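Each remark here refers to the structure printed beneath this line.
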Number of protein chains: 2
Amino acid sequence: MSKKRIAILGAGPSGLAQLRAFEAARQAGNTDLPEIICYEKQSDIGGMWNYTWRTGLDKNGEPVHGSMYRYLWSNGPKECLEFADYSFDEHFGCAIPSYPPRAVLKDYIMGRIDKEAIKKYIRFECPVRWVDYNQETEMFSVTVMNHKTEQQETELFDYVVVATGHFSTPNMPYFEGVEAFPGRVLHAHDFRDALEFADKDILIVGSSYSGEDIASQCYKYGAKSITISYRSKPLGFEWPEGLQEWPLLTHFEDNVGHFIDGSSKAFDAIIMCTGYLFHFPFLPDELRLQTHNCLYPDNLYKGIFFQTNPKLIYLGMQDQYYTFNMFDVQAWYARDVILGDKVLPDAEQRLSDMQLWLQRHEKLTDCNQSIDFQGAYIRDLLQSIDYPDFAVEKQGELFKQWLLDKQEDIMRFREKTYTSTITNTTATELPKPWLDIKDDSLESFMALDFVEVKD
Amino acid sequence: MSKKRIAILGAGPSGLAQLRAFEAARQAGNTDLPEIICYEKQSDIGGMWNYTWRTGLDKNGEPVHGSMYRYLWSNGPKECLEFADYSFDEHFGCAIPSYPPRAVLKDYIMGRIDKEAIKKYIRFECPVRWVDYNQETEMFSVTVMNHKTEQQETELFDYVVVATGHFSTPNMPYFEGVEAFPGRVLHAHDFRDALEFADKDILIVGSSYSGEDIASQCYKYGAKSITISYRSKPLGFEWPEGLQEWPLLTHFEDNVGHFIDGSSKAFDAIIMCTGYLFHFPFLPDELRLQTHNCLYPDNLYKGIFFQTNPKLIYLGMQDQYYTFNMFDVQAWYARDVILGDKVLPDAEQRLSDMQLWLQRHEKLTDCNQSIDFQGAYIRDLLQSIDYPDFAVEKQGELFKQWLLDKQEDIMRFREKTYTSTITNTTATELPKPWLDIKDDSLESFMALDFVEVKD
């Protein structure tokens, strides 16, 4: 029998987790690994964690993947995303604060990757054009555009792992009059640098993570005023002066935004923080996951195997409290199935299992329950794989503390410290308020005099 | 024999010309027309002439087609793009100036279209996902995503007409340091409203039509300063104070751009007017036109029939002096071939013909020669179709005059008037300088007191 062939679509956190899962098996002595090709649209690994100055389309005319902006700091404690097999202590050699900036976090995520070992699997600048499944041969055909050679490549695979993310394709609603707004109108996906909005009156539409964080960024870097418009309910934090939450935006007249409560205000720019679309332009209907952003997308057994064709695997398609370590657990589980170490139950059993989770999912009423739900999901996978066990539930408690810390002071929660569930190390404190640390480079962050927390 | 089936990709000026060509045959009594489906990514006809406030990706997550901006006026005389079978006089009922704003020109272009007759062929919000050609059945298979139904559709066709344009996918070069530029960096494709750049120091990279026009726009709407950086040679106009041309940009340090002559300047925003890529993500290599922007792309017999598979037809892929009437002539010619009224010569003869034109193309050394070349190309097609004959060469002379008028005064050339080659009507004059007419809506333009030109 010839070797199995696996296509991994995307070399971001999820795709890299899948590569590492196989690499871990190789290092553990498995000599019968499948042949793997990982196709990546960008010219480097890291997915969303690559900052790019580009917006809209990239140098090859493909939609820009990245939604990262300058000065982004982690919006959750690093202790909640720590890898079980590679701690922050191991990477940095010292304790660091709980909320590092993007470059620091990226350094950590990339630090555990043996780039040489992994890069040989990856074909960069290769966006996927089209995937087909042949019922007779039971093989996928994957066609990509190789922008380096300017030629397309088509290869056959036994399994396809979709690891292309779901925070890249903006959901951009229309509001009456926006077409005549005399200033910049952008989606959070295209937000790059808060300095562009200094001294301006900014309207932020949407009150989820992007809205909350971009509002804080704009405040930190000198916007004149920031108005967040919410649809159902306000974020409800005690915002500093100059930052306010207003109800639903209804329409624009010239540069004036009108709100459902009759209020209105003139703005210089509009930033739509209105979420993302699941977008898989390379997948035919019968292979395409159709869902909204939630903790348990339908039709994915164990959150990863596509129900009607479980040789099609989706990683990281959940809404996320847990991130990197959840992707790891998913990738390890998928690897075991691909290697034949685990046998998937039949369609009916898979359906029953999904339905149990979906029922549980429907009953969630608050954030704490949602955190527990995702923790339980991870625990379910973790218990049957050889990924190092880790304190999923304890990390869940940290998430709950994080929510309280944000409620206490949305502008200062990043100054809080947490204790690692992996190494038991307590994070150091920032030497000054987050609002006052404007240079977010790796070098300048690591040169700060972190303060040890006294018991 | 069953009816032939034609797919037209795109309902912009070229795709609409193709639909009209068939509609003209129907009105002339042809009862044996093929079955036509026109797939359009946008939700309306008009292609590039639809203004959209969106940038980057559209509401369906597809790349935005439009590169139009507010306050765009025609940058060439309307007398050079007048349809032979539908004059400006017929549309407006009176003489109007030679350089109308976008909305006025769009009104004219759309005016001759029997929207009801044509819309029945068009499926809106249907970006093409993938096209295949089956050598055995000699049929194309076209798969589109229908965003209205959220389902894909695949149909078979005898001919495919690619009318998707080539001014939609930005060519965006990298300059060292641009990733740290603390302000907006955008491509002309994403430029929407010059008012965003009022009171700012703007850097425009690139000195072709986009650079020239966006620089003028920014000047008109109050930019503090505009610096155009050219690669090979300056546009060379006598620019007004505050607008200057500098040589090649080399790199950025923070907000400062450095130029090859050692000069430097701080900027608030960078607009890359660096052209477009030919981008057909839905076409396999063997069907994909690979060219740069020029007056005679290789591998297109008569500028339209793909050499290795002439049932694949490309419209409007040339760089353009002539526009709408050239698309018409191409579409009429393509129609005659599809209907069997014209038989294409064999591959060798087609190659010889292309080579003659390519040799002639290579020898072009200036704009006037280029205008004549494109005129001769149109004349070559026009002489063998039943499209109304029109004064191609006389329009060419108008283009040459236009170039002189721009040299004379780049800020006032839009106040010049030309005489229609179709109706002999002389355009009226604008009642005040173009720089002083800031509202560009159809209503306010048509309400201006146009001035009749005295002999």
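The values are calculated or read from the model by the stated rules, or taken from the named source; none is laboratory data. Here the structure is a predicted model, which is why all the values come from computation and not from measurement. Virtual Cβ from ideal backbone geometry, glycine too; neighbours counted across all protein chains shown. Quick note on the areas: whole protein, heavy atoms, side chains included, nothing else; ligands and nucleic acids left out. Shrake-Rupley method; radii C 1.70, N 1.55, O 1.52, S 1.80 Å.
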Alpha carbon centroid spacing (whole Å) that separates region B:380-455 from region B:147-162: 39
Of the chymotrypsin sites (Phe, Trp or Tyr not before Pro) in region A:117-208, those whose Cβ has at most 14 other Cβ within 10 Å and which sit in DSSP loop: A:Y174
Quarter of the Cα convex hull surface for chain A, i.e. its orientation-mean projected area (nm²): 22.7
Solvent-accessible surface ranking, highest first, for A:R335, A:R288 at 1.4 angstrom: A:R288, A:R335
Within chain A, longest stretch free of exposed GluC sites (Glu not before Pro) [DSSP loop, at most 13 other beta carbons within 10 Å]: A:242-451
Other-copy label distances relative to B:S208, 7 angstrom Cα-Cβ extension, nm: 3.9
Positive-end residue of B:H189, A:F280, A:L72, charge dipole of the protein assembly as shown with Cβ unit charges: A:F280
Label 7 Å beyond Cα on the Cβ vector: B:Q244 copy-to-copy distances, nm: 4.4
Debye, to nearest 20: dipole size of chain B, +1 on Lys, Arg Cβ, -1 on Asp, Glu Cβ: 440
Stokes-Einstein D (µm²/s) once Rh is taken as the Kirkwood radius of region B:21-134 over alpha-carbon pairs, at 37 °C in 0.692 mPa s: 198
For A:P388, label point 7 Å along C-beta direction: distances to other copies, nm: 8.0
Computed FRET value (nearest 0.05) for B:Q383 with B:C294, which takes r as the C-beta separation and R₀ as 25 Å: 0.60
In nm, spacing of pseudo-spin labels at B:N30 and B:E90 (7 Å Cα→C-beta vector): 1.9
For B:104-111, mean number of other protein chain Cβ atoms within 10 Å: 0
Order of exposure, largest accessible area first, which applies to A:L72, A:L381 with probe 1.4 Å: A:L72, A:L381
Closest approach to the B/A rotation axis among chain B Cβ atoms, residue and whole-Å value: B:G56, 2
Solvent-accessible surface (1.4 angstrom probe) belonging to B:D366, in square angstrom, nearest 10: 70
Shielding score for A:49-61, defined as the mean number of other chain Cβ atoms within 10 Å: 6
Sequence of A:L358, A:L382 from largest to smallest accessible area, 1.4 Å probe: A:L358, A:L382
Alpha-carbon gyration tensor eigenvalues x 5, square-rooted, for the protein assembly as shown, Å: 50, 35, 24
Angle in degrees between helix A:102-111 and the longest Cα principal axis of chain A, rounded to the nearest 10: 20
Kirkwood-based Rg to Rh ratio, region B:291-384, C-alpha trace: 0.94
Compactness relative to 2.2 N^0.38 Å, alpha carbon Rg of region A:175-272: 0.96
Net length gained if the chain between A:S264 and A:S441 were fully extended (0.36 nm per residue, minus Cα distance): 59.9 nm
Rounded tilt (10° steps) of B:367-382 against the dominant C-alpha axis of chain B: 20
